[in-house]
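The next block holds one structure in the form of structure tokens; read it before the comments.
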Amino acid sequence: MTKFIWMSDPHFQNTETYEGLDPRARLSQAMKLANLHYSDAEFILITGDLLNREVASEYIPLNRFFTWSKLPVYPMVGNHDLRDGMREHLTVPDDAMSDFVQYRIDMDGVTLLCLDTQKTGEVSGTLCDARLAWLKQQLDDIDQPVLIAMHHPPFALGLSCMDTIGLENGDAFMDLVTQYPHVKHLLMGHVHRNTSGTRRGISYNSLGSVAFQGPAPKPDWDWDSFKIAKEEPSVIAMVEVDQGDVTVQTLQVCAVDYGLESA
């Protein structure tokens with residue numbers, strides 16, 4: 001069995017809060033929980049929006065939380081992130097694509113493909129021809145079960161306005177991956193809500209945010225009326241893969257003292 005911790009959307013900023021929710025304290029508590037109870041996992045995966053403000057220097061204090069982790073941390077690109085800043089200040093795999101933070105993690109019995117879905121300067125995402133070609137090449141080469149992690153969902157999740165800012169060429173992505181039976185599961189960030197289901201025979205999860213949760217789809221809302229669901233705790237997940245079977249266990253991070261030193 002292979003297992004790893006999954007986090008998403010920490011929206012780190014070195015000052016200020018989100019309507020009273022402190023992204024630094026919330027990320028610290030998530031790391032404390034992982035260190036205390038899940039140190040037997042292989043690594044921590046973070047599916048994008050590492051930062052909230054596109055300021056490269058903010059990766060420096062963010063990296064202090066990552067180096068404090070007992071587990072290796074694999075960062076991914078969200079719409080708020082800066083590829084050059086990530087490469088300068090964080091640990092990005094050496095074999096990532098030269099122009100994109102897109103890479104592969106091989107484990108015992110499963111391969112994780114981490115996609116870069118950022119469309120520079122936009123909130124929605126895309127996978128250009130080069131990134132899709134890389135994905136196809138990896139899927140052609142891999143002979144064990146595959147999980148794919150990405151920031152932008154490639155299809156609608158029933159989440160009001162969030163569904164308008166997903167992966168713009170999601171149909172092309174799905175047309176590609178459904179050709180490969182060894183693609184078992186999709187892990188998606190961006191929407192700040194927990195969802196799960198199947199699309200075209202492939203199971204998926206989206207994960208809530210470390211920093212704050214988005215509003216529920218009902219009552220109806222738009223971007224002018226958007227308010228974070230600040231009563232909800234941070235969310236992380238444990239992902240386990242056993243002979244191609246995938247379990248995603250969602251974990252709420254409560255504001256308690258886990259008995260560890262602060263990051």
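Observations
- Anisotropy class of the range 41-186 from Cα gyration tensor, a/c 1.5 cut: oblate
- With a cut-off of 12 Å between beta carbons, the residues surrounding Thr47 carry a summed charge of -4, where Lys and Arg count +1 and Asp and Glu -1.
- Radius 12 Å from Cβ of Ser209, net charge of other residues (Lys, Arg +1; Asp, Glu -1): 0
- Think of a 1.4 Å ball rolled over the protein heavy atoms: the range 122-263 then has 46 Å² of accessible area per residue.
- The range 126-231 - Rg and Dmax from Cα coordinates, angstrom: 15.1, 47
- Based on DSSP H segments of at least four residues, each scored -39500 (n - 2.57), the chain has a per-residue ellipticity at 222 nm of -6000 deg cm²/dmol.
- Portion, in percent, of the accessible area of the chain that falls on carbon or sulfur, probe 1.4 Å: 46 percent
- With only Cα atoms counted, the range 36-88 has Rg and Dmax values of 11.7, 33 Å.
- Summarising the strand pairing of the chain, around 55 percent of its internal DSSP beta bridges are antiparallel.
- Of the Cα atoms belonging to the range 102-182, the radius of gyration and Dmax stand at 13.1, 39 Å.
- Non-local lysine pairs in the chain, meaning eight or more places apart or on different chains, with alpha-carbon distances under 19 Å, amount to 7.
- Note on the range 107-137 and the range 170-232: Cα centroid distance 16 Å, given to the nearest whole angstrom.
- Our summary of shape: the Cα atoms of the chain have principal axis extents of 46, 42, 33 Å, ordered from largest down, in whole angstrom.
- Counted charge near Asp84, where neighbours are those whose Cβ lies closer than 12 Å (Asp, Glu -1; Lys, Arg +1): -2
- The range 169-263, Rg to Rh (Cα coordinates; Rh as Kirkwood inverse mean 1/r): 1.05
- Across all directions, the shadow cast by the convex hull of the range 1-81 built on its C-alpha atoms averages 5.3 square nanometres.
The values are calculated or read from the model by the stated rules, or taken from the named source; none is laboratory data. What you are looking at is a predicted structure, and each value in this text was computed from that prediction instead of being measured. Heads up, the Cβs are rebuilt from the backbone with ideal geometry, glycines too, and the neighbour counts pull from every protein chain shown. Side chains included, ligands, DNA and RNA excluded: accessible areas come from the protein's heavy atoms. Shrake-Rupley method; radii C 1.70, N 1.55, O 1.52, S 1.80 Å.
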